1. Within region 110-123, track down each residue that is among the hydrophobic types (A, V, I, L, M, F, W, C), crowded, with 21+ Cβ neighbours inside 10 Å and at pLDDT 85 or above.
2. Under 6 Å between Cβ atoms, which residue pairs at least 6 apart in sequence (or on different chains) link something in region 153-168 that is assigned by TED's automatic domain parsing to the domain that holds PHE245 and in a helix (DSSP H, G or I) with a partner that is at pLDDT 75 or above and surrounded by fewer than 16 Cβ atoms within 10 Å (Cβ to Cβ)?
3. Quick one: count up the residues across region 488-503 that are at pLDDT below 95 and either hydroxyl-bearing (Ser, Thr, Tyr) or in a helix (DSSP H, G or I) (or both).
4. Restricting to region 530-546, give me the number of residues that are in contact with a Pro (Cβ under 9 Å, 6 or more places away or on another chain) and surrounded by 11 or more Cβ atoms within 10 Å (Cβ to Cβ).
5. Tell me yes or no: at least one residue of region 264-286 is farther than 20 Å from PHE31 by Cβ, among the aromatic types (Phe, Trp, Tyr) and assigned to a helix (DSSP H, G or I).
6. Look through ALA351, ALA370 and report the one residue that is in contact with a Leu (Cβ under 9 Å, 6 or more places away or on another chain), more than 19 Å from THR500 (Cα to Cα) and at pLDDT 90 or above.
7. Would you check which residues across region 381-420 are among the polar types (S, T, N, Q) and more than 30 Å from ARG312 (Cα to Cα) and list them?
8. How many residues does region 131-152 hold that are hydroxyl-bearing (Ser, Thr, Tyr), surrounded by fewer than 21 Cβ atoms within 10 Å (Cβ to Cβ) and in a helix (DSSP H, G or I)?
Amino acid sequence: MRDALKKQRRLIVFGSVLACGHQAGEAAVPFLIGVIIDRAVDGGIGDLAFWLGVLGAIYVGLSYSFRYGARAAERAAEQAAHDLRLRVTRGVLHDRGGAESGRLPGALVAVATSDTARVGGIAVAITYGSAAVVAVGFTAVLLLSISIPLGLLVLLGLPPLMWLTRLIGKPLEERSETEQEHGAHASGIAADLVSGLRVVKGLRAEEAAVARYRQRSRVALTATVRAARMQAAYQGLVLTISGLFLAVIAVAGGILAVRGNITVGQLISSIGLAQFLVGPLSTFGWVGADLAQGRASAKRVAAVLSAPEAVRGGEQAPVTPVRGEIDLRVRDLALKVAPGELVGVVATDPAEAAELIRLLNRSADPADGAVSLDGVTLTSLRPDELRAAVLAVEHHTDLFDGSVRSAVSLDRADPATVEAAMVAADADEVARNLPEGLDAVLGDGARTLSGGQRQRLALARALAADAPVLALHDPTTAVDAVTEARIAARLREVRAGRTTILITTSPALLAITDRVLFVHGGAVRADATHAELAADDESYRETVLA
């Protein structure tokens, strides 16, 4: 929270100075009205006109002070939230990972949006809170000039009032944090349900999905209602205490006027100043609430930003040029891929296949063993440079919104490479069936396309990256047999001379490989061509051909 606001300190100071000027002008108005009344009774027309002119000038000053002070405060809040939002996004997208661990995507979105906005909103709270303090202090000075007892009453009564306001706000901060946590979790479940809507409908699990969301939503609703009740109670108590404080000031001023210690104009000024104090004192109420909620949000943002890295270490760059030799030795599993080789990996356990991809893209490091590229262990390489050399694509992939061309090229690959990748993945047929071809816009994660069409575009994107080492996990499970055969025939040609690892059970893809490693029970059980394994190994036939 301090880091986010420190960058906006100039705007916050500028806005606070103008807001303080506005509040000082507002406090001066009732004081000057009392002066004008006394001057009208005791003085002449010229004296009256002078003080009316002073009053008009103050109105002009406070009007412009409010306009530009509020603008500076809001700008500081928006910029602080924006900068913090970028930090959260960078943390989530960091090449070493970790921020996303244990958090649903919807929860991360809630942190990056509503929580950062609440933290940025503290800039507005500081601006108006400072102005309220100055307003109360200036009012006390004006009251001291009218009557020392009245001024002392304000000066001595304000510190206990502010301390009591802060004490009452503690439970609100705790409930706000709970409310935001449950709300983010409910948002996460909703986002996951929407993204997997077709799967839910295909399984006819709509009722179960709705019941799950309803349960979490009710928990979030209960937390939100509790926080809202606490906020309402907090503001009600603050207003009640402030009202009693103002009543004491008004009664004290009336007693002094009755006794003749102050004039009629001074009595009017005192009452006007007491009424003016309603604004600053009520400001303490919502400022305290915003600070409490902002601190709760700052804790959630800090938890994301301070999350430990998923993979640590590694400051070397890969050996250049990258030859593409992969040597993986993890527990009992040992497999070696020569540079430029096209190797298939068949794993009887899907979890082992998924683990291989995670180890190759270094989203996780092996607890026992090592993976090396051209003789250099992956744990000693910088993740960003490693992933430029080794592209390991998981089975489930997402497509970004935008045109087909940008979704495949990611605005980095040259047109010739994109075209070759589209043809190899048979994704050119997908583009031809769209009204605008490669310029067709894919909205909502390309969910208007079929699963096979999305998979072909994702494969084209992987091929367009033209990485020295490419590992693919079941890239054609959603396409038909004829399309898969066409992709297999083109894949070997487009990846000629570069290392390619196909982790799959597809016979069509395995048939084009140089050799196949059959992984069973956590170890390589056989190493031969697809044809040889299909003819001689019954377990392999059951895994691949069943």
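The values are calculated or read from the model by the stated rules, or taken from the named source; none is laboratory data. Because the structure is predicted, anything quoted here is derived from the model rather than measured. Glycine gets a Cβ as well: all are built from the backbone with ideal geometry, and neighbour counts include every protein chain shown.
1. First, pick out the residues of region 110-123 that are among the hydrophobic types (A, V, I, L, M, F, W, C): 110-112, 117, 119, 122-123.
Those left that are additionally crowded, with 21+ Cβ neighbours inside 10 Å: 110-112, 119, 122-123.
The answer is VAL111, ALA112, VAL119, ILE122, ALA123.
2. Pairs that qualify, where the first residue is assigned by TED's automatic domain parsing to the domain that holds PHE245 and in a helix (DSSP H, G or I) and the partner is at pLDDT 75 or above and surrounded by fewer than 16 Cβ atoms within 10 Å (Cβ to Cβ), are ILE168/LEU237.
3. Within region 488-503, residues that are at pLDDT below 95 and either hydroxyl-bearing (Ser, Thr, Tyr) or in a helix (DSSP H, G or I) (or both) number 7.
4. First pass over region 530-546, keeping only residues in contact with a Pro (Cβ under 9 Å, 6 or more places away or on another chain): 530, 534, 544-545.
The next check asks that each one be surrounded by 11 or more Cβ atoms within 10 Å (Cβ to Cβ); those that pass are 530, 534, 544.
Matching residues across region 530-546 total 3.
5. Checked region 264-286: at least one residue is farther than 20 Å from PHE31 by Cβ, among the aromatic types (Phe, Trp, Tyr) and assigned to a helix (DSSP H, G or I).
6. Values: ALA351 fails: in contact with a Leu (Cβ under 9 Å, 6 or more places away or on another chain).
The unique qualifying residue is ALA370.
7. Residues of region 381-420 among the polar types (S, T, N, Q): 397, 403, 406, 409, 417.
Matches in region 381-420: SER403, SER406, THR417.
8. Keep residues of region 131-152 that are hydroxyl-bearing (Ser, Thr, Tyr), which gives 139, 145, 147.
Narrowing the set further to residues that are surrounded by fewer than 21 Cβ atoms within 10 Å (Cβ to Cβ) leaves 145, 147.
Remaining after also requiring in a helix (DSSP H, G or I): 145.
So the count comes out to 1.
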